[in-house]
Amino acid sequence: MSTQTIEQAVEKKPAEAILSKRRKKFINDPLSEDNPITVQVLGICSALAVTTQMKPTLTLAISVIFVMIFSNLIISLMRSLVPTRVRIIVQLAVIATLVTLVSEVLMAYQYDMYKELSVFVGLIITNCIVMGRLEAFALANKPWDSVLDAVGNGLGYSWIILAVAFFREIFGSGKIFGWPVFEAMGLENFPINGLMVTPVGAFFILGMIIWVQRNRTGFVEH
Amino acid sequence: MQQSNTYVIVFSAILTIVLGGLLSLANQGLKPMQQKSVELDTKKKILSAVTDLKGKKGNEILELYGQTIESIVVNLDGDPVEKDEKGSDIEAEKVNIAKNFKKAPEDRMYPVFKYHKAGDKDAVEAYIFPVYGKGLWGPIWGFIALETDLNTIKGTSFDHKSETPGLGSRITSTEVRNRYNGKKVFDDSGNLVSISMLKGENNSPNVLDDHHIDGLSGATLTAYGVNDMLDSYFKYYQGYINKLKNATEKVALLY
């Protein structure tokens, strides 16, 4: 009996693959089935506010992914040290520090983008997705798993806001990444839709994305 | 142990010190780059009122600026101001137009940027004046360049904080800015008329005289904001403009 248990312990030892099936789920799930925006309906504010054009949206997406990866990593590394009574404040402090860093770097190297995004970089702090993942995942999981979870949720957030921005920019301003699409196609008088540049336009697009997605995945809210 | 008050306080203190230190390090380290970015941005805006900067890199723009721009600061009467209230030197590029906008017109400082031939300070080709005002959703600002007759618009550059993308934000586009070129600020007898953007777009050419330009469809309120901004700032700079005109007339009389 005793030899058996030892054998079992030895068998368990080999480390889990860096991208094992279980870990791949951390990345794949938030992209569609457990998407932070369309399924959990978090981070809607920024999805409406910055998505009038693709370029600022991409910058914001990259910033959010950066903040998520590092806040998840840091909180996960500290998870056994963080006193439960002040954990929310600790999470907030870590996120705020990372966001301020992003904002400072943008101001130094991408000043035009910094001006354009203005207040929305600072508002990453209040993006529920970031803190939601810290509270729900990083506090209870190992660093690498937390990083994967951050990448998954960050990408899940990014592809939705980029999709919204794509439709809003092309129908609202007739451009993609500032490049005039309709003019290039020879449709100089293609009517643009002013509704798309207002936040209302984002609601419509977001609603349609959620509709299409839930139709495909069969997700129903209970 | 981890739940004891001492632990919580010590943990929070260490966390605060570490994060705070990190931030101040980053701030100090990035400060030179940030100041350069802000400076480049201002100089780019000033120069883009008189020349096309397309394809020029940051250092080239700064170099061009150094060669072609001479700046002074004047008050409402048009007299040069060299020291601020505290007695330190004023740099025209550092004058914060937005902060000045909150003061009464007679207390403000008015920077003037003279665009001259590269290296030759006397061969002035244009006078560039900063302007600042209210758009539909937030502040709008820009630079207006006048030819040496101090009447004809040589060029403009506008920027805005939060005008509607695709509508009001079009004031930054080259096509809209170019509509101002060649328009006149004063009428034949020298009275200030300013230049107004009309309501609606594709107005008939009959109404687009020396003091009126075609408007922005769907952004009439932004256009009116621009009109007010130009009108009030031409008034503020009138003291300086009149002094300059008198000076040039005197020079002409001497010959």
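Read the figures in this text as sums done on the coordinates, not as results from a lab. Because the structure is a prediction, the values reported are computed rather than measured. Note that we place each Cβ from the backbone using ideal geometry, even for glycine, and neighbour counts take in every protein chain shown.
Look at the stretch A:178-213 and say how many of its residues are in contact (Cβ under 8 Å) with a residue 12 or more places away in the chain, surrounded by 13 or more Cβ atoms within 10 Å (Cβ to Cβ) and under 25 Å from the mean Cα position of the chain (by Cα).
Qualifying residue count, the stretch A:178-213: 11.
Residue-by-condition table, conditions (1) over 13 Å from the mean Cα position of the chain (by Cα); (2) more than 20 Å from A:G122 (Cα to Cα):
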| residue | (1), (2) |
| --- | --- |
| A:S20 | yes, yes |
| A:N35 | no, yes |
| A:I44 | no, no |
| A:I95 | yes, no |
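A:V64: within 14 Å of another protein chain (Cβ to nearest Cβ), under 25 Å from B:L19 (Cβ atoms) and in contact with a Phe, Trp or Tyr (Cβ under 8 Å, 6 or more places away or on another chain), yes or no?
No: the conditions fail for A:V64.
When you look at A:A93, is it in contact with a Leu (Cβ under 6 Å, 6 or more places away or on another chain), within 10 Å of chain B (Cβ to nearest Cβ) and closer than 25 Å to B:K45 by Cβ, yes or no?
Judged against the criteria, A:A93 is not a match.
Check B:G215, B:G225 and return the single one that is without any contact (Cβ under 8 Å) to a residue 24 or more places away in the chain and either in contact with a Lys or Arg (Cβ under 6 Å, 6 or more places away or on another chain) or on the phi < 0 side of the Ramachandran plot (or both).
Of the residues listed, the single one that is without any contact (Cβ under 8 Å) to a residue 24 or more places away in the chain and either in contact with a Lys or Arg (Cβ under 6 Å, 6 or more places away or on another chain) or on the phi < 0 side of the Ramachandran plot (or both) is B:G215.
Among the numbered criteria (1) more than 14 Å from chain A (Cβ to nearest Cβ); (2) part of a strand (DSSP E or B); (3) hydrophobic (A, V, I, L, M, F, W, C), which one does B:L150 miss?
(2)
What residue, among those in the stretch B:160-182 that are small (G, A, S) and more than 20 Å from A:T51 (Cβ to Cβ), is nearest to the other protein chains (Cβ to nearest Cβ)?
Going through the qualifying residues, I end up with B:S173.
For B:V176, only one of the following conditions fails: (1) under 19 Å from B:S217 (Cβ atoms); (2) outside any loop (DSSP other than H, G, I, E, B); (3) in contact (Cβ under 8 Å) with a residue 60 or more places away in the chain. What is its number?
(3)
Check the stretch B:35-50 and report whether any residue there is crowded, with 17+ Cβ neighbours inside 10 Å and assigned to a loop (DSSP other than H, G, I, E, B).
yes
If A:L117 satisfies all but one of (1) within 14 Å of chain B (Cβ to nearest Cβ); (2) surrounded by fewer than 21 Cβ atoms within 10 Å (Cβ to Cβ), what's the number of the condition it fails?
Going through the list (1) within 14 Å of chain B (Cβ to nearest Cβ); (2) surrounded by fewer than 21 Cβ atoms within 10 Å (Cβ to Cβ), A:L117 breaks only (2).
Restricting to the stretch B:70-99, give me the number of residues that are within 23 Å of B:I140 (Cβ to Cβ) and in contact with a strand residue (DSSP E or B) (Cβ under 8 Å, 6 or more places away or on another chain).
Final tally of qualifying residues: 9.
Which residues, taken from the stretch B:40-54, are more than 10 Å from chain A (Cβ to nearest Cβ) and not basic (K, R)?
Within the stretch B:40-54, B:T42, B:I46, B:L47, B:S48, B:A49, B:V50, B:T51, B:D52, B:L53 meet the criteria.
Evaluate the stretch B:73-90: report whether one residue or more is closer than 27 Å to A:Y114 by Cβ, surrounded by 12 or more Cβ atoms within 10 Å (Cβ to Cβ) and within 14 Å of chain A (Cβ to nearest Cβ).
no
Give the residue, chosen from B:S204, B:S162, B:S196, B:S157, that is free of Cβ contacts under 8 Å to residues at least 24 places away in the same chain and not aromatic (F, W, Y).
B:S204
Looking only at the stretch B:95-111, count every residue that is touching an Asp or Glu at 6+ places or on another chain (Cβ under 9 Å) and under 15 Å from B:F129 (Cα atoms) and tell me the total.
Final tally of qualifying residues: 3.
Is it the case, given these coordinates, that A:A165 is part of a helix (DSSP H, G or I), closer than 30 Å to B:T42 by Cβ and within 14 Å of chain B (Cβ to nearest Cβ)?
In short, yes.
Going through the stretch A:128-171 one residue at a time, which ones are surrounded by 18 or more Cβ atoms within 10 Å (Cβ to Cβ), farther than 16 Å from A:M208 by Cα and of a type in the set (K, R)?
Matches in the stretch A:128-171: A:R133 only.
Against the condition within 18 Å of the chain's Cα centre (by Cα), of a type outside the set (V, I, T), over 29 Å from B:T172 (Cα atoms) and within 14 Å of chain B (Cβ to nearest Cβ), how does A:L155 come out, does it pass?
no
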